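Structure first, commentary second.
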Amino acid sequence: MEIRWLGHSAFEIISDDNVKILIDPFISNNPACQVPVEDLNPDIILLTHGHSDHFGDALEISNNTNAPIACIHEISLFLAKQGIRNISVNIGGSFIFRNIKFTMLEAKHSSDIDIVEEIVPGGSAASFLITFEDGTKIFHAGDTGLFSDMKTIIGEIYKPDLALVPIGDKFTMGPFEAALASMWLNPKAVIPMHYNTFPPIEQDPAIFANFVSQFNPNIDVVVMNPDEYFEFNPENYQD
Ligand code: ZN
């Protein structure tokens, strides 16, 4: 499958069957993203939480493409009120879409919907585990601090092959915590995200990569540039 980083926490994942999954589509106001909103044509949109740097252009993209937005119950109520197609899910639960399984898991963060003038409560912040037909699992951590269930629940039970983790600090984990999270999640490869979009979250991903190699040298750190594609195949990594 192909992973395309759109900057910040926005990713497009294209499955081998050409199902396009768009996660946290912060596009038009994202200083790191040069892709026009009209160029995105997802089959499904995932929202980890309601903050504007994740919610982004979800409404417009869903309106343009009719792609449903999968999100936590409270955000789905907000979407339903506006006639937006949505899939309501909650932490620990899964649903199947086009033969792909989506599981909502925990994140330690807040989640008001701040894209509207009057802020609306957005339930809990969340993360997503995506399980493809061939068994490959990709974990998008959303915005989060470090928490021990990354090891005991997500790492040991769900076993992601690829993890996308925030390293920007200030609003999420920084490089050190994100490297510990990577060790606990124990994927074959990890992609850092949520950094260098704005000055408060400036980070050198090499510092993150260094910590990861100290904690577990078997994890491949894939540092991407915005709008770059990465072909992920878990068979390319040894157990
Ligand atoms: Zn946030």
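No lab work stands behind these numbers, since they all come straight from the coordinates. Note that the coordinates shown come from a computational prediction; the quantities given were computed from them, not determined experimentally. Glycine gets a Cβ as well: all are built from the backbone with ideal geometry, and neighbour counts include every protein chain shown.
Looking for something buried (at least 18 other Cβ atoms within 10 Å of the Cβ) and in a strand (DSSP E or B) - is there at least one such residue anywhere in segment 213-235?
Within segment 213-235, one or more residues are buried (at least 18 other Cβ atoms within 10 Å of the Cβ) and in a strand (DSSP E or B).
Filter segment 1-54 for residues that are of a type in the set (A, V, I, L, M) and in contact (Cβ under 8 Å) with a residue 60 or more places away in the chain and give the result.
If the condition is that a residue be of a type in the set (A, V, I, L, M) and in contact (Cβ under 8 Å) with a residue 60 or more places away in the chain, then Met1, Ile3, Leu6, Ile13, Val19, Ile21, Ile23, Ala32, Val35, Leu46 are the ones that fit.
Checking the conditions here, which among Ile91, Ile138 is among the β-branched types (Val, Ile, Thr) and not in a loop (DSSP other than H, G, I, E, B)? Spell out the reasoning first.
Details: Ile91 fails: not in a loop (DSSP other than H, G, I, E, B).
Being among the β-branched types (Val, Ile, Thr) and not in a loop (DSSP other than H, G, I, E, B) holds for just one of Ile91, Ile138, which is Ile138.
Taking the options Gly92, Gly83, name whichever one is more than 16 Å from the ligand (Cβ to nearest atom) and in contact with a Leu (Cβ under 8 Å, 6 or more places away or on another chain).
On the way: Gly83 fails: in contact with a Leu (Cβ under 8 Å, 6 or more places away or on another chain).
Of the residues listed, the single one that is more than 16 Å from the ligand (Cβ to nearest atom) and in contact with a Leu (Cβ under 8 Å, 6 or more places away or on another chain) is Gly92.
Which of (1) among the hydrophobic types (A, V, I, L, M, F, W, C); (2) under 19 Å from the mean Cα position of the chain (by Cα); (3) within 16 Å of the ligand (Cβ to nearest atom) is the odd one out, the single condition Val120 does not satisfy?
Among (1) among the hydrophobic types (A, V, I, L, M, F, W, C); (2) under 19 Å from the mean Cα position of the chain (by Cα); (3) within 16 Å of the ligand (Cβ to nearest atom), the lone unmet condition for Val120 is (2).
Can you tell me which of (1) within 23 Å of Phe139 (Cβ to Cβ); (2) within 15 Å of the ligand (Cβ to nearest atom); (3) outside any helix (DSSP H, G or I) is the one Ile115 doesn't meet?
If we test Ile115 against (1) within 23 Å of Phe139 (Cβ to Cβ); (2) within 15 Å of the ligand (Cβ to nearest atom); (3) outside any helix (DSSP H, G or I), just (1) comes out false.
So Ile154 clears everything in (1) within 16 Å of the ligand (Cβ to nearest atom); (2) in contact with a Phe, Trp or Tyr (Cβ under 9 Å, 6 or more places away or on another chain) except one condition, right? Which one?
(1)
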